[in-house]
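The values are calculated or read from the model by the stated rules, or taken from the named source; none is laboratory data. Everything numeric in this text was worked out from a predicted model, so none of it was measured. No Cβ is skipped: glycine too gets one built from the backbone with ideal geometry, and neighbour counts run over all protein chains shown.
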Amino acid sequence: MSYGSHYTVLKKECIDTLTENAPADQKSFYADLTFGGGGHSFEFLYRNPLFNVRSTDQDPDALKNGNERIQKEGMLERIKLINTNFVHFPEIIREHSPEIFKDGGFQGILLDLGVSSHHFDEATRGFSFRFDGPLDMRMNHQSDEFLTAEEIVNTYDEKDLKRIFEEYGEEKNARKIALKICEERKIKRIQTTKELENIVFHSYPKEHRYGKTNPSTRVFQALRLEVNRELEVLSNTIDQLIPLLKIGGRLAIISFHSLEDRIVKNVFRDASAKTDFPVNVLTKKPILPTEAEILDNSRSRSAKLRILERIEVKKDKNKYKY
Ligand SMILES: C[S@@+](CC[C@H](N)C(=O)[O-])C[C@H]1O[C@@H](n2cnc3c(N)ncnc32)[C@H](O)[C@@H]1O
């Protein structure tokens, strides 16, 4: 497993903003709902011995790796990992950790969306066409809740395949790729990443097959979003997280895809117009990684961070120092 290689995106920006108004003399609770390699979770723990963390990840591999690291670093008392899709977090945490809400709730909640380097580096997970592996792409590969990429590629009709390649991948050759997949699967079921890569490659006009980006990049991204229903899960979760924050508590979300960022932006905007759990959006424009971070880790180039704060009553509008 390659969790060590996961670069934690916008680490300083996230942790600084989520911790700057934490009370100096009492326990604060943070939730990192996308634990991954634990980069953000551990940063909370290193910052202040009064910080406690509850983290989720739907990938059982992330939890196994994380629990080993927690043990090794002697942090068992201050962090708990929960293996679940974060859409279930509000219900689980209220049921199992009522003590967090005695003091008003979480000081900060973080979502760092998408997959981790581990997913791309582990051939058996099927996220990458760099290796040959089964077309799986489920972040929770031990659950049957979601279809695998293989099931989608072999059962969706041509129209739906075209739609997901267009919508989630902004793929210009979506129609041709969908058609070719439907032709090829009549001859033989498409089962591996390399088989799909080959089909996509041959759907492309010859002169565009060897561009800067591999023709499969956008198709694999679209399939991953569809397999894990990432946009639907995100839309169904953000609203539910706001009531878990204490007054002054902040919710930070890092997205990597324009469709994700649009959801975050719109849900934040709608939340700031509501009065039951009033919030201020702190980031009128999203916070972006610095050039130095992008140089260090090219994957961070599409990252966008948006933050809101729960407030007692509505007063000042969008303003933040970044
Ligand atoms: C970008 S990585 C997080 C990396 C982490 N912040 C770090 O620095 O190590 C995203 C992680 O969130 C998990 N994840 C994505 N969507 C999820 C969801 N809906 N519920 C729970 N975990 C999810 C993935 O399995 C992956 O491990």
### Message
Can you tell me which condition Gln58 does not meet? The list is (1) in a loop (DSSP other than H, G, I, E, B); (2) in contact with a His (Cβ under 9 Å, 6 or more places away or on another chain), and all the others hold.
### Response
(2)
### Message
If I go through the range 101-133 residue by residue, how many of them are away from the ligand (no atom under 16 Å from the Cβ), in the same structural domain as Val9 (by TED's automatic domain parsing) and crowded, with 20+ Cβ neighbours inside 10 Å?
### Response
3
### Query
Of all residues in the range 159-201, how many are surrounded by 14 or more Cβ atoms within 10 Å (Cβ to Cβ) and within 23 Å of Pro134 (Cβ to Cβ)?
25
### Task
Check Gly74, Gly36, Gly66 and return the single one that is away from the ligand (no atom under 13 Å from the Cβ) and either surrounded by 18 or more Cβ atoms within 10 Å (Cβ to Cβ) or farther than 12 Å from Gln107 by Cβ (or both).
Gly74
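Results for (1) surrounded by 20 or more Cβ atoms within 10 Å (Cβ to Cβ); (2) touching a strand residue (DSSP E or B) at 6+ places or on another chain (Cβ under 6 Å), shown as yes or no for each residue.
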| site | (1), (2) |
| --- | --- |
| Asn236 | no, no |
| Leu245 | yes, yes |
| Arg250 | yes, yes |
| Phe256 | no, no |
| Asn266 | no, no |
| Ser272 | no, yes |
| Asp276 | no, no |
| Ile294 | no, no |
### Query
Can you name the residue in the range 207-237 that is within 11 Å of the ligand (Cβ to nearest atom) and of a type in the set (D, E, K, R) and is also nearest to Glu145 (Cα to Cα) among such residues?
Arg229
#### Entry: Condition check for Tyr7: within 13 Å of the ligand (Cβ to nearest atom), surrounded by fewer than 23 Cβ atoms within 10 Å (Cβ to Cβ) and in contact (Cβ under 8 Å) with a residue 24 or more places away in the chain
yes
### Query
Name the pairs whose Cβ atoms lie under 8 Å apart, with the first residue in the range 290-303 and under 18 Å from Leu113 (Cβ atoms), the second in a helix (DSSP H, G or I) and acidic (Asp, Glu), and 6 or more positions between them or separate chains?
Ser300/Glu293
